[in-house]
1. Assess whether F240 counts as being of a type in the set (F, W, Y), buried (at least 24 other Cβ atoms within 10 Å of the Cβ) and either in a loop (DSSP other than H, G, I, E, B) or touching a helix residue (DSSP H, G or I) at 6+ places or on another chain (Cβ under 6 Å) (or both).
2. Step by step: first the residues of segment 243-263, then only those that are among the small types (G, A, S) and surrounded by fewer than 22 Cβ atoms within 10 Å (Cβ to Cβ), then the one that is farthest from A67 (Cα to Cα). Which residue is that?
3. Do you know which residues across segment 276-311 are more than 13 Å from A202 (Cβ to Cβ), touching a helix residue (DSSP H, G or I) at 6+ places or on another chain (Cβ under 9 Å) and assigned to a loop (DSSP other than H, G, I, E, B)?
4. Which condition does L314 not pass, out of (1) surrounded by fewer than 16 Cβ atoms within 10 Å (Cβ to Cβ); (2) touching a His at 6+ places or on another chain (Cβ under 7 Å); (3) not hydroxyl-bearing (S, T, Y), if it passes all the others?
5. Does C14 satisfy the condition of being crowded, with 18+ Cβ neighbours inside 10 Å and either modelled with pLDDT of 70 or more or of a type in the set (S, T, Y) (or both)?
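The values are calculated or read from the model by the stated rules, or taken from the named source; none is laboratory data. Just so it is clear, the structure is predicted and the values come from calculations on it, not from any experiment. Cβ atoms come from the backbone with ideal geometry, glycine included; neighbour counts cover every protein chain shown.
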Amino acid sequence: MEAAARWTAAAGDCGADGIFRVRLSPGVDVCDLAATLRDRGHRACPNHVLTGQPLFFGGPASRPFPAGPLTAPPSGEGPVTVAVLDTCLSAHPWWRERPWFLERRQEAEPPDSDGDGERDAQAGHGTFVAGLILRGAPRARLRPLRALDGHGVGDEAGLLRLLALLRDDPPQVLNLSFGGHSFDDRPSPLVREALAALPGTAVVACAGNTASDRPFWPAALPGVVAVGALDAAGRARAPFSAHGPWVDACARGEWLASAFLEEEPFGGYARWSGTSFAAAAVSGVIAALTAETTPARAVARVLDPRRDGRIDDLGTVVPLPG
């Protein structure tokens, strides 16, 4: 804090160990200051915006579409916990009576969090993600935590706070169906350190709907499974998917069906596209394997190109169950 004091208008603890969020004085360029502080050996970065990935950065469909009812995943709970940092979850019939949902720390996701009379742009994003994870790992215990608002927007300060909470009881799998670019295309040192503090957790993140090879964080961090999207046939890159040597795996990300809000016209089910959802599906595959082995070995099995092949700049192909 002392290093940035003369440029600071206000500061506050963001809820993560030793990390402060600073509001700069008028006229101070946040990117220039962050670069200067880093050059002087300080851990500093702009508080980058993070977004869910069905809508922004040139995402595919502008909205989810209603789908017919889907068969509910089998009930019961196993030994694997998947933390889902997202828009939180609605009280969907697939899980509203499951112990992990009844024990949740946060309220269920409202469809209109800002009270403007319209469904939020990404309302149901977390519910859709959770449904995909359970379709792959029906007995997983989910731990939903709200990292994004109803419009799919969050920031790194909020992510750091949630990652600090997870350290007390680390999940086996962590799904991050959001992300963003950084001002200098380098990762946030604070997010990198926070994820490194979860060494026994398999971290899965979406590669972004940018249709580019520009690194998308936190997916592009070493040790994070970065997931791109395949088209509806599961054979080629979806046109919106990010790509590049930093992408580790790919799965179908177009027109996936999953749990959704019960409000009309959806009735609890939708089809949606995006790398957010390819990542969630891969998290489900990893969680199912983790029930029989360690998270690290489960990731190694999923990323083994000898199983289902590999696509240049999209990584290992991961077939989805069903």
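1. Considered against the rule, which asks whether it is of a type in the set (F, W, Y), buried (at least 24 other Cβ atoms within 10 Å of the Cβ) and either in a loop (DSSP other than H, G, I, E, B) or touching a helix residue (DSSP H, G or I) at 6+ places or on another chain (Cβ under 6 Å) (or both), F240 comes out as yes.
2. Going through the qualifying residues, I end up with G244.
3. If the condition is that a residue be more than 13 Å from A202 (Cβ to Cβ), touching a helix residue (DSSP H, G or I) at 6+ places or on another chain (Cβ under 9 Å) and assigned to a loop (DSSP other than H, G, I, E, B), then E292 is the only one that fits.
4. (1)
5. Against the criterion (crowded, with 18+ Cβ neighbours inside 10 Å and either modelled with pLDDT of 70 or more or of a type in the set (S, T, Y) (or both)), C14 does not qualify.
Rundown of residues vs (1) assigned to a loop (DSSP other than H, G, I, E, B); (2) free of Cβ contacts under 8 Å to residues at least 12 places away in the same chain; (3) crowded, with 22+ Cβ neighbours inside 10 Å, yes/no style:
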site: P138; (1), (2), (3): yes, no, no
site: P144; (1), (2), (3): no, no, yes
site: D149; (1), (2), (3): yes, no, no
site: L159; (1), (2), (3): no, no, yes
site: P171; (1), (2), (3): yes, no, yes
site: L174; (1), (2), (3): no, no, yes
site: D184; (1), (2), (3): yes, no, no
site: L190; (1), (2), (3): no, no, no
site: E193; (1), (2), (3): no, no, no
